[in-house]
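What follows is one structure encoded as structure tokens, with my remarks underneath.
The values are calculated or read from the model by the stated rules, or taken from the named source; none is laboratory data. Treat the numbers as computed from the prediction; the structure is a model and nothing was measured. Virtual Cβ from ideal backbone geometry, glycine too; neighbours counted across all protein chains shown.
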Amino acid sequence: MSTAKAFAATRAEGRAALVGYLPAGFPSVEGSIEALTVMVDAGCDLIEVGLPYSDPVMDGPTIQAAAQQALEGGVHTADVLRTVEAVAATGTPTVVMTYWNPIERYGVDRFAADLANAGGAGLITPDLTPDSGPEWVAAADARDLDKIFLIAPSSTDERLAMTTAACRGFVYATAVMGVTGARASTSELAGPLVERARAAIRDQGTDLPIGVGLGVSNGDQAAEVASYADAVIVGSAFVRTLLDARGDRTAGLSALRLLTEDLAAGVRRG
């Protein structure tokens, strides 16, 4: 399924989508596939598969710890694509979240082809902007892959308009200044950022969905974000749940299911 179909379905239900993230290879390749499948079964509408990277400058300590564990376990880009293939086989749209350097090393066109062949829906590129990534834009357009770029509270109106116009699938609004991580309260910057992005998207004559990532860690926070966003993006809370299980597979998957169900109920309340 494409992200467009998923958003059409959630909009028809009058609610936001729940987007869940885990790095491939954490706690192992098979373990990440199992965990992501649990998240799908418990209510995630879209999945982000992280490509572990050795220099994750935008990630907080929780995701850094998980990525490091995956790298120490020997995860490779081929394992990321295998994870995408397994999750996409559930019928849930699956995108890759990655820094740009690993894609350049792999080969941009080669990665786009392999991602499409694995059933992946697209790519989230936190450190690549549309004007600095023409090779990716061309490769994605050739295969109808989603191009999901980030906007932030610091984005100028001009930059915001350029970025949203270049996106396909959805826009990723990162509404917390600084690195990623679960937080006790949601950001006051998120709502105004979404309003600005919606105005730019309306001016372009489209209704491109906007997903918000800002450290949501429970259903109540998810409901708050879902009241103004098209998608609630959750990463660190899922990763922390597995880290807290300290290798206990059964306990980790059980806690992951409970968290997902709470978040899924939250987006429905919102």
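Filter region 245-261 for residues that are of a type in the set (D, E, K, R) and either without any contact (Cβ under 8 Å) to a residue 60 or more places away in the chain or touching a Ser or Thr at 6+ places or on another chain (Cβ under 8 Å) (or both) and give the result. If you could, list the steps in order and put the result at the bottom.
Taking region 245-261 first, the residues of a type in the set (D, E, K, R) are 246, 248-249, 257, 261.
Answer for region 245-261, where residues must be of a type in the set (D, E, K, R) and either without any contact (Cβ under 8 Å) to a residue 60 or more places away in the chain or touching a Ser or Thr at 6+ places or on another chain (Cβ under 8 Å) (or both): ARG246, ASP248.
Of all residues in region 107-130 being charged (D, E, K, R) and at pLDDT 95 or above, which is surrounded by the most Cβ atoms within 10 Å (Cβ to Cβ)?
Narrowing region 107-130 to residues charged (D, E, K, R): 109-110, 114, 127.
After this cut, where a residue has to be at pLDDT 95 or above as well, the list is 109-110, 114.
Numbers: ASP109: 14, ARG110: 12, ASP114: 18.
Across region 107-130, the extreme among qualifying residues is ASP114.
Please state which one of VAL216, VAL232, VAL212, VAL225 is of a type outside the set (Gly, Ala, Ser), within 17 Å of PHE170 (Cα to Cα) and free of Cβ contacts under 8 Å to residues at least 60 places away in the same chain. Walk me through it before giving the result.
Values: VAL216 fails: within 17 Å of PHE170 (Cα to Cα); VAL232 fails: free of Cβ contacts under 8 Å to residues at least 60 places away in the same chain; VAL225 fails: free of Cβ contacts under 8 Å to residues at least 60 places away in the same chain.
Selected residue: VAL212, the only one of VAL216, VAL232, VAL212, VAL225 that is of a type outside the set (Gly, Ala, Ser), within 17 Å of PHE170 (Cα to Cα) and free of Cβ contacts under 8 Å to residues at least 60 places away in the same chain.
Restricting attention to region 231-269, which residues are outside any helix (DSSP H, G or I) and under 25 Å from GLN68 (Cα atoms)?
The first filter runs over region 231-269 and keeps only residues outside any helix (DSSP H, G or I), leaving 231-235, 245-248.
Listed by number, the residues that qualify are ILE233, VAL234, GLY235, ALA245, ARG246, GLY247, ASP248.
Output the number of the condition that GLY270 fails; it satisfies all remaining conditions of (1) over 15 Å from GLY20 (Cβ atoms); (2) without any contact (Cβ under 8 Å) to a residue 60 or more places away in the chain.
Single failed check for GLY270: (2).
With respect to SER185, determine if the residue is at pLDDT 95 or above, surrounded by fewer than 23 Cβ atoms within 10 Å (Cβ to Cβ) and of a type in the set (Ser, Thr, Tyr). Quick ask: steps written out before the conclusion?
On the way: at pLDDT 95 or above: no; surrounded by fewer than 23 Cβ atoms within 10 Å (Cβ to Cβ): yes; of a type in the set (Ser, Thr, Tyr): yes.
So SER185 fails the test.
So, ARG198, is that one among the basic types (Lys, Arg), surrounded by fewer than 23 Cβ atoms within 10 Å (Cβ to Cβ) and either touching a Ser or Thr at 6+ places or on another chain (Cβ under 7 Å) or touching a residue at least 60 places away in the same chain (Cβ under 8 Å) (or both) or not?
Working: among the basic types (Lys, Arg): yes; surrounded by fewer than 23 Cβ atoms within 10 Å (Cβ to Cβ): yes; either touching a Ser or Thr at 6+ places or on another chain (Cβ under 7 Å) or touching a residue at least 60 places away in the same chain (Cβ under 8 Å) (or both): no.
Against the criterion (among the basic types (Lys, Arg), surrounded by fewer than 23 Cβ atoms within 10 Å (Cβ to Cβ) and either touching a Ser or Thr at 6+ places or on another chain (Cβ under 7 Å) or touching a residue at least 60 places away in the same chain (Cβ under 8 Å) (or both)), ARG198 does not qualify.
Mind checking which residues of region 66-80 are modelled with pLDDT of 80 or more, farther than 14 Å from ILE47 by Cβ and part of a helix (DSSP H, G or I)?
So in region 66-80, the residues modelled with pLDDT of 80 or more come out as 68-69, 72-80.
If we keep only those that are farther than 14 Å from ILE47 by Cβ as well, we get 68-69, 72-79.
GLN68, GLN69, GLU72, THR77, ALA78, ASP79 - these are the residues of region 66-80 that are modelled with pLDDT of 80 or more, farther than 14 Å from ILE47 by Cβ and part of a helix (DSSP H, G or I).
Evaluate region 11-25: report whether one residue or more is in a helix (DSSP H, G or I) and over 17 Å from ILE124 (Cα atoms). Talk me through it step by step, then tell me what you get.
Our first condition is that a residue be in a helix (DSSP H, G or I); within region 11-25, this holds for 11-12.
So of that shortlist, the ones also over 17 Å from ILE124 (Cα atoms) come out as 11-12.
Yes, because at least one residue in region 11-25 is in a helix (DSSP H, G or I) and over 17 Å from ILE124 (Cα atoms).
Can you confirm whether region 20-41 contains a residue that is under 17 Å from TYR172 (Cα atoms) and either modelled with pLDDT under 95 or aliphatic (A, V, I, L, M) (or both)? So that I can check it myself, show each step before the final result.
To start, the set of residues in region 20-41 that are under 17 Å from TYR172 (Cα atoms) comprises 20-22.
Add one more test, that the residue is either modelled with pLDDT under 95 or aliphatic (A, V, I, L, M) (or both), and what stays is 22.
So far as region 20-41 goes, yes, one or more of its residues are under 17 Å from TYR172 (Cα atoms) and either modelled with pLDDT under 95 or aliphatic (A, V, I, L, M) (or both).
Starting from region 38-53, keep only residues that are in contact (Cβ under 8 Å) with a residue 60 or more places away in the chain and outside any loop (DSSP other than H, G, I, E, B), then list their pairs with residues that are among the acidic types (Asp, Glu) and surrounded by fewer than 24 Cβ atoms within 10 Å (Cβ to Cβ) whose Cβ atoms are within a distance under 8 Å, requiring at least 6 positions of separation or different chains.
Filtered contacts from region 38-53: ALA42/GLU261.
Could you list, in sequence order, all residues of region 200-237 that are closer than 22 Å to ARG257 by Cβ, touching an Asp or Glu at 6+ places or on another chain (Cβ under 8 Å) and among the β-branched types (Val, Ile, Thr)?
ILE233, the sole residue that qualifies.
Are any residues in region 113-129 touching a residue at least 60 places away in the same chain (Cβ under 8 Å) and either more than 17 Å from ALA6 (Cβ to Cβ) or part of a helix (DSSP H, G or I) (or both), and if so, which ones?
Listed by number, the residues that qualify are PRO126, ASP127.
Please determine, by comparing only the residues of region 158-179 that are at pLDDT below 95 and outside any strand (DSSP E or B), which one is nearest to THR98 (Cα to Cα).
Of the residues in region 158-179, the ones at pLDDT below 95 are 174-179.
Those left that are additionally outside any strand (DSSP E or B): 175-179.
Working: ALA175: 19, VAL176: 19, MET177: 19, GLY178: 17, VAL179: 15 Å.
Going through the qualifying residues, I end up with VAL179.
In the list VAL216, VAL212, which residue meets the criterion of being within 19 Å of the chain's Cα centre (by Cα) and either surrounded by fewer than 20 Cβ atoms within 10 Å (Cβ to Cβ) or modelled with pLDDT of 95 or more (or both)?
On the way: VAL216 fails: either surrounded by fewer than 20 Cβ atoms within 10 Å (Cβ to Cβ) or modelled with pLDDT of 95 or more (or both).
Answer to the check: VAL212.
Just to be sure, is VAL95 under 27 Å from THR163 (Cα atoms), among the aliphatic types (A, V, I, L, M), modelled with pLDDT of 95 or more and not in a helix (DSSP H, G or I)?
Values: under 27 Å from THR163 (Cα atoms): yes; among the aliphatic types (A, V, I, L, M): yes; modelled with pLDDT of 95 or more: yes; not in a helix (DSSP H, G or I): yes.
Here the answer is yes, as VAL95 does meet what is asked.
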